[in-house]
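Remarks on the structure that follows.
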Amino acid sequence: MAGRGRGQGVDNGAVARINPSILSADFVNMQADLERIATADFVHVDVMDNHFVPNLTFGPQMVQRIQETSPVPLDVHLMISDADRWAPGYAELGAASVTFHLEAATDPVTLARRLRSIGARAGVAVKPATPVEGLFDVLDEFDQILVMTVEPGFGGQSFMADQMPKLARLYDEARRRGSQVWLQVDGGISESTIAQAAEAGADTFVAGSAVFGAGEPDRAIAALRSLATEHHRH
Ligand code: DX5
Ligand code: ZN
């Protein structure tokens with residue numbers, strides 16, 4: 001359920017959460033870049049292992065320091081193999097939310113329960129080619145579902161509008177079941193694409209280059225939040 005564990009208190013009823021991805025931040029000036037996004041809802045932390053995706057970012061030690069430094073809670077996105085083994089460690093270091101890939105977990109429901117038991121919100125992510133229908137019967141096991149709108153691995157790619165029907169099906173199913181699960185999109189979100197994602201049913205939006213590529217990240221966050229709120233699906 002939404003609002004449990006450390007996620008509690010961060011859900012202020014806003015219909016559009018904006019989570020800047022620090023994949024587009026300056027890795028050697030991380031503290032300064034974290035302070036530039038203090039108006040965000042969460043900071044999105046992309047962990048990549050050069051195995052599940054062809055790129056490498058950082059691991060638990062760096063995430064621990066971000067956790068200690070960030071003015072906003074952490075939304076950790078694990079693009080790593082063997083999620084069952086590694087994901088709980090990120091919950092243990094205090095991340096508000098930990099999302100693993102469905103394609104990288106052998107027992108997603110057990111893993112989600114473990115993340116919740118540690119106090120994190122449990123998230124599951126799907127790559128563009130992965131269907132979501134298998135999640136319908138277990139929606140309540142998760143606090144958020146991340147529909148990737150690019151192939152995971154890199155920032156700055158183009159938004160895949162062809163993922164919107166999948167997102168809309170998830171939204172319909174969640175409403176039909178009375179689920180409070182958050183629906184997140186990640187990849188290519190900008191002022192020109194966020195409305196489509198909001199209209200399809202997303203309520204939580206990751207944006208990397210659109211926030212850190214802007215001269216004033218806080219203004220970019222406000223503009224994205226306002227567009228997403230305006231186009232929020234009812
Ligand atoms: C991609 C990452 C994204 C990435 C998004 O694998 O999961 O979080 O940072 O970057 P933009 O917003 O630039 O597409
Ligand atoms: Zn991400």
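We did not get these values from a lab; they are worked out from the coordinates using the rules stated. Since the model is a prediction, treat every value here as computed from it, not as a measurement. Using ideal geometry, Cβ is built from the backbone for each residue, glycine included, and neighbour counts are taken over all protein chains shown.
Checked against the criterion of being farther than 19 Å from Met48 by Cβ, out of contact with any helix residue (DSSP H, G or I) (no Cβ under 7 Å at 6 or more places or on another chain) and away from ligand 1 (no atom under 16 Å from the Cβ), segment 151-164 contains not a single residue that satisfies it. Given (1) within 16 Å of ligand 2 (Cβ to nearest atom); (2) out of contact with any Phe, Trp or Tyr (no Cβ under 6 Å at 6 or more places or on another chain); (3) of a type outside the set (Ser, Thr, Tyr), identify the lone condition not met by Arg169. Arg169 satisfies all of (1) within 16 Å of ligand 2 (Cβ to nearest atom); (2) out of contact with any Phe, Trp or Tyr (no Cβ under 6 Å at 6 or more places or on another chain); (3) of a type outside the set (Ser, Thr, Tyr) except (1). Taking first residues from segment 146-160 that are within 15 Å of Ile80 (Cβ to Cβ) and partners that are within 11 Å of ligand 2 (Cβ to nearest atom) and of a type in the set (Asp, Glu), the Cβ contacts under 9 Å between residues at least 6 apart in sequence or on separate chains come to Leu146/Asp186; Met148/Asp186; Pro152/Asp46; Pro152/Asp186. For Arg233, the conditions (1) over 15 Å from the mean Cα position of the chain (by Cα); (2) crowded, with 20+ Cβ neighbours inside 10 Å all hold with the exception of (2).
If we keep just the residues of segment 145-162 that are of a type in the set (S, T, N, Q) and surrounded by fewer than 23 Cβ atoms within 10 Å (Cβ to Cβ), which is farthest from ligand 2 (Cβ to nearest atom)?
Filtering segment 145-162 for residues of a type in the set (S, T, N, Q) gives 149, 157-158.
Then keep just the ones that are surrounded by fewer than 23 Cβ atoms within 10 Å (Cβ to Cβ); that gives 157-158.
Working: Gln157: 11, Ser158: 15 Å.
Ranking the qualifying residues of segment 145-162, first place goes to Ser158.
Can you tell me which of Asp75, Asp41 is within 13 Å of ligand 2 (Cβ to nearest atom), under 20 Å from Ala207 (Cα atoms), among the acidic types (Asp, Glu) and under 18 Å from the mean Cα position of the chain (by Cα)?
On the way: Asp41 fails: within 13 Å of ligand 2 (Cβ to nearest atom).
Matching residue, one of Asp75, Asp41: Asp75.
Under the condition of being crowded, with 20+ Cβ neighbours inside 10 Å, under 17 Å from Ala96 (Cα atoms) and in contact with a Ser or Thr (Cβ under 9 Å, 6 or more places away or on another chain), the residues counted in segment 38-78 number 13.
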